Amino acid sequence: MKQLVLVTGGTGYIGSHTAVELQQSGYDVVIVDNLSNSNIEVLDGIEKITGIRPAFEQFDLCDTDKVTSFFKSYSGLQAIIHFAAFKAVGESVEKPLMYYRNNLVSLMNLLQHMDQYQVPHLVFSSSCTVYGQPEELPVTEKAPILPAESPYGNTKQISEEIIRDTLKARPNLHSIALRYFNPIGAHPSALIGELPRGIPNNLVPFVTQTAAGLREELKVFGNDYPTPDGSAIRDYINVVDLARAHVVAIEHMLNNKQHRNFEFFNLGTGKGTSVLEIVKTFEKVTGVPLKYRIVGRRSGDIIQVWADTRLANEELGWKAERSLEETLLSAWNWEKHLRNITD
Ligand code: UD1
């Protein structure tokens, strides 16, 4: 019998790609999402890719009664991948309580029900934001966790602490926190991808929307950083590579390969790329010229970060495989699909 995995936030960007990878690896998937930042049509995209429509339940994970009914009806759950959370840094500064309530209550509800209903395995979506600006690069999992720059970042730190403390008291539960660097790109089929609401905050959606003519120009935030070309550096990881890591994390736990019942891993490529390199590479692989202008630094931005990926490579046997070129092309193909752009 197929093993059943709950994907919370499964109609979102990383969640939908993970649902696809899980199905293609032989798992049954049930998605829970309140559709606060995603569309139901994402299920069609998943079904077109895999031939299987995942089970879907629309409710808010902060609603404890609904969570209880869900756990009662899906008794065969083996594992949970918890993506459902708010993630806009700026908004979290404006509405901190909304972020703390949504991101923390949903996690606590899940942990409580995992314990009650004997669902032993949890993969948690964390972020490299927990490291702030690390002193040493590439950043390893041993780097100190710095005070968070935003309520959003703080919810990731606090969530990791909630999991750690809960698992100390409940050794029967297991969890892996995956600290993502900068996920970009889309499924190669161009049937699912990122769907930012309103004006994108993140670099690559802004790049593709500018190339598609939706935005006047890309603003490059700063060219006076102490980096080779002066623009800020990040570790951009293909979303399918990232999704695949979640399947591997589930297998790591299901096969009892954990050394401790709470582990965390950096998920990146190990390579840093500057904003200007993203612009140049995008133009090269798509042939589309990108209008951009250098402006001042964005407040709260760090200078540079990229991952030391050895722990994930060695312990999980996972490695990012897709190149920046194919990843940026996949992001462009997805944007073209959304806007009905033909060559
Ligand atoms: C941002 C968040 C981070 C969050 C992540 C989720 C901030 C300060 N950080 O990370 O907490 O976990 O998104 O995906 O918001 N850039 C431009 N022009 C743009 C947009 C971005 O030059 O229009 C630059 C940024 O200054 C940065 C790089 O591109 O140097 C990447 O930006 P972004 O995609 O927003 O990611 P992060 O800032 O790394």
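The values are calculated or read from the model by the stated rules, or taken from the named source; none is laboratory data. For clarity, every value in this text was computed on a predicted model and none was experimentally measured. A quick note on method: Cβ atoms are made from the backbone with ideal geometry, for glycine too, and the neighbour counts reach across all protein chains shown.
Here is the figure for segment 201-212: residues that are near the ligand (Cβ under 10 Å from one of its atoms), surrounded by fewer than 18 Cβ atoms within 10 Å (Cβ to Cβ) and at pLDDT 95 or above total 1.
Conditions (1) surrounded by 17 or more Cβ atoms within 10 Å (Cβ to Cβ); (2) in contact (Cβ under 8 Å) with a residue 40 or more places away in the chain; (3) of a type outside the set (D, E, K, R); (4) closer than 26 Å to residue 313 by Cα, marked per residue:
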| position | (1), (2), (3), (4) |
| --- | --- |
| 145 | no, no, yes, yes |
| 180 | yes, yes, yes, yes |
| 188 | no, yes, yes, yes |
| 214 | no, yes, yes, no |
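Within segment 255-263, at least one residue is outside any loop (DSSP other than H, G, I, E, B), in contact (Cβ under 8 Å) with a residue 60 or more places away in the chain and away from the ligand (no atom under 11 Å from the Cβ).
Among residues of segment 292-317 being part of a loop (DSSP other than H, G, I, E, B) and polar (S, T, N, Q), the one that is farthest from the ligand (Cβ to nearest atom) is 309. Tell me, which residue of segment 111-130 that is among the hydrophobic types (A, V, I, L, M, F, W, C) and assigned to a helix (DSSP H, G or I) is nearest to the chain's Cα centre (by Cα)? It comes out as 128.
Checking each residue in segment 306-326 for being charged (D, E, K, R) and within 10 Å of residue 265 (Cα to Cα) picks out 308, 310, 315.
Every listed requirement among (1) touching a Phe, Trp or Tyr at 6+ places or on another chain (Cβ under 6 Å); (2) part of a helix (DSSP H, G or I); (3) not polar (S, T, N, Q) is met by residue 143 save one, (2). Here segment 146-176 is the region considered, the condition is being part of a loop (DSSP other than H, G, I, E, B) and within 19 Å of the chain's Cα centre (by Cα), and the residue that is farthest from the ligand (Cβ to nearest atom) is 148.
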